[in-house]
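Here is the structure we will look at, set down as structure tokens.
Each value in this text was obtained by applying a stated rule to the coordinates, not by laboratory testing. Just so you know, these numbers come straight off a predicted model, no measurement behind them. Backbone-built Cβ (ideal geometry, glycine too); neighbour counts: all protein chains shown.
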Amino acid sequence: MKLLNQEQIESLSKFKSENFLTTSFYLDSDKGRLTKKEISLSLKNLLRNAKSRLDLMDLSKEKRGSLRKDLDKVSKFCSQQLSSFSFSGLAIFSCSSEDFWQVFSLPNSPRNRVIFDKDPYVRLLSSILDEYHRIFVLTFDRREAKWYDVSMGEISLIESIVGDVPSKVKEGGWKGYESKRIERHIATLLREYFKKVAKKTFELSKKNHFDWLFLGCKEEYNSEFEPLLHPYLKNRLIGRVKANPGTSPDRILKETLGLEKKLKTQEEDELVNRFISELEKGGRAISGLKNTVRKLNQGEAQIILITRNFSVPGRICPKCHSLYVDELRCPSCRRKTDPVVDIIDEAVELAMDKNCQVKHITPPSRLNRYGKIGAFLWYKT
Ligand SMILES: [Zn+2]
């Protein structure tokens, strides 16, 4: 199934097995960026690494057998489906001994991972979901109004109404006075229609929760229409698309996604700039991998900023789950630390456990000059 909403993630996360572990499998399958050969090579490596990890795990025969079966099923699924798979990412959750099997197609690429855990590892799904905004697109002219829902890279028509406000006074037969009267009448009709559209937009927004509102209409309508919007909507109206009710949904989707990307980049830039100015004035921020990980371990990080695809091996304490860049022994509990393939990924997980937000920054950004990673802190250090 396609990853579309939080409910799917919540329902997936409810699965738990008393006696067996669950395999969570994530694969970057973006054919726009990777060749088929590269994808199948990383799949092979991923499964091979998972198998050798599995061999080293201290597990009962039954548990190990179930996980092995998961990997075999994943491998079989990929060899049958991957060549025709058209999504940027694939996620599979399996617990063979409980007959549990769920496949998700993802709108963008996850980090390649196989996780064996007590329950499905849903955090990568939720981080992908977080990257998308649910956008409401309203397009209207005098004749009609249409509302679209754009989410997870797809568009659907929610509602449409017909206005049919005449555009001008019909020629012939009218004296000047009469024309004026009709013009005023038409202006009133148009205003009533705009009010109706604004009201409908608010009603629909209550039923369909969304983050942003984009508007597609003639520029001359803006000044009259916008003040009619409910304040809730005014706050969310942050974009304009070149569209009218006759524009094809495909075209509207393209315009919307283009604008969403631009606005997301702006959001990221603003965040990084805010971070750097906080850092430079010696405020509540810290930069670099070691510092960030330390603050995260201590529960002092409020938001961590990480550069997308920035990945570094590191170490984790098996007892207290603290992360370290290179400590062989955990300084707080003296246990020998275990190596991890990607400390950033572990940091994302730890952040969620510690109620710390994670923001993904697309490179190149100014964050590069600060070690590609940093954090806003709860308190000044
Ligand atoms: Zn420890």
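The slack between residue 31 and residue 208, meaning 0.36 nm per residue of separation minus the straight C-alpha distance, is 60.5 nm.
Per-residue Karplus couplings for segment 295-308, computed as 6.51 cos²θ - 1.76 cosθ + 1.60 with θ equal to phi - 60°, are listed in order as 5, 5, 4, 7, x, 9, 8, 9, 9, 9, 10, 10, 7, 4 Hz, Gly and Pro entered as x.
The angle between the Cα long axis of helix 343-353 and the longest principal axis of the Cα atoms of the chain comes to about 70 degrees, rounded to the nearest 10. Report the FRET efficiency, 1/(1 + (r/R0)^6), for residue 267 and residue 99, where r is their Cβ-Cβ distance and R0 is 41 Å, rounded to 0.05. Between residue 267 and residue 99 the formula returns 0.45.
Going by neighbour counts of Cβ atoms within 10 Å, the residues 276, 306 line up, fewest first, as 276, 306. Phi angles across segment 54-71 convert, under the Karplus curve 6.51 cos²θ - 1.76 cosθ + 1.60 with θ = phi - 60°, into 3J(HN,Hα) values of 4, 4, 8, 6, 8, 9, 6, 4, 5, 4, 4, x, 5, 5, 4, 4, 4, 5 Hz, Gly and Pro given as x. Taking other C-beta atoms within 10 angstrom as a stand-in for reagent exposure, 66, 29, 11 fall in the order 11, 66, 29, fewest first. Annotation for residue 290 and residue 108: the two label points, set 7 Å from Cα along the Cα-Cβ direction, are 3.2 nm apart. Legend: distances between Cα atoms for 14/118; 261/295; 51/118; 319/359; 2/63; pairs beyond 22 Å are 261/295; 319/359; 2/63. Label zone (residue 10, point 7 Å along Cα-to-C-beta; backbone nitrogen cut-off 20 Å) within segment 189-224: 205-212. Taking a ≥ b ≥ c as the square roots of the eigenvalues of the Cα gyration tensor, segment 80-136 is classed as oblate, since a/c reaches at least 1.5 and a/b does not exceed b/c. Taken one residue at a time, the phi angles of segment 252-266 give Karplus couplings (6.51, -1.76, 1.60, θ = phi - 60°) of 5, 4, 4, 4, 5, 5, x, 5, 4, 4, 4, 5, 5, 4, 4 Hz. Gly and Pro are set to x.
Annotation: amide H of residue 335 within the under-5 Å range of 330, sequence separation 5 or more or interchain, hydrogens built in the peptide plane.
The stretch between residue 191 and residue 55 holds 41.8 nm of extra length on full extension. This uses 0.36 nm per residue minus the Cα-Cα distance.
Rounded to 0.05, the FRET efficiency of the residue 334 and residue 281 pair, given R0 = 35 Å and the Cβ-Cβ distance, is 0.40.
Shown is the FRET efficiency for residue 199 and residue 2, computed with R0 = 41 Å from the Cβ-Cβ distance and rounded to the nearest 0.05: 0.80. Of all aspartates and glutamates in the structure, the ones whose alpha carbon falls short of 15 Å from that of residue 37, not counting any fewer than 8 places away in one chain, are 28. Annotation: the residues 352, 1, 57, 152, sorted from fewest to most other C-beta atoms within 10 Å of their own C-beta, follow the order 1, 57, 352, 152.
Estimated from helical segments only, the mean residue ellipticity of the chain at 222 nm is -13500 deg cm²/dmol, where each DSSP H run of four or more residues counts as -39500 (n - 2.57).
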